[in-house]
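Computed from the coordinates by the stated procedures, all read-outs in this text should not be read as laboratory data. Source: prediction; values computed, not measured.
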Amino acid sequence: MKSIRERETAEKKRLEKWQKEFKNNMSNYTYNSVYTISNPNVGLGAISSKNIADAKITIGGSKNGSMRVDVPLIVNGRDVMKELDEMRDALLLLKRDVDMEAKYPKLKKIKDEYERALDMYTTFKTIKESKK
């Protein structure tokens with residue numbers, strides 16, 4: 001038992017010493033809240049702001065997380081949002097205004113009815129063509 005108590009005492013002293021060293025090291029640490037990205041595709045200082053409220057890119061640290069980009073998102077020289085808009089137009093998808101749908105529920109109802117009718121006519125057209 002004596003040797004166990006001696007080891008416990010030695011470990012407590014070692015822990016206290018480590019905590020003091022850690023505290024001293026952390027007091028010398030300075031946090032810089034300005035981030036910059038140096039990337040030839042993005043440019044210098046793409047994410048740099050002295051004030052977090054002015055940031056054009058924000059990342060939420062909640063359980064599900066989120067990222068908001070209020071500037072054009074360029075990947076390998078291609079504008080991602082422009083590409084998505086072109087795909088939506090090529091697929092003949094309806095443009096939606098979610099805020100207006102929330103304000104006027106009938107808009108969503110009409111959109112849903114249109115999509116059901118389009119699916120029905122597309123199905124009929126496919127069946128008709130397969131019978132030929």
So who's got an amide H within less than 5 Å of the one on Leu73, skipping anything under 5 residues away but keeping other chains? H placed 1.01 Å off N, in plane.
-> Val80, Met81
Mind checking which lysines have their Cα closer than 20 Å to the Cα of Lys13? Skip sequence neighbours fewer than 8 apart in that chain.
-> Lys2, Lys23
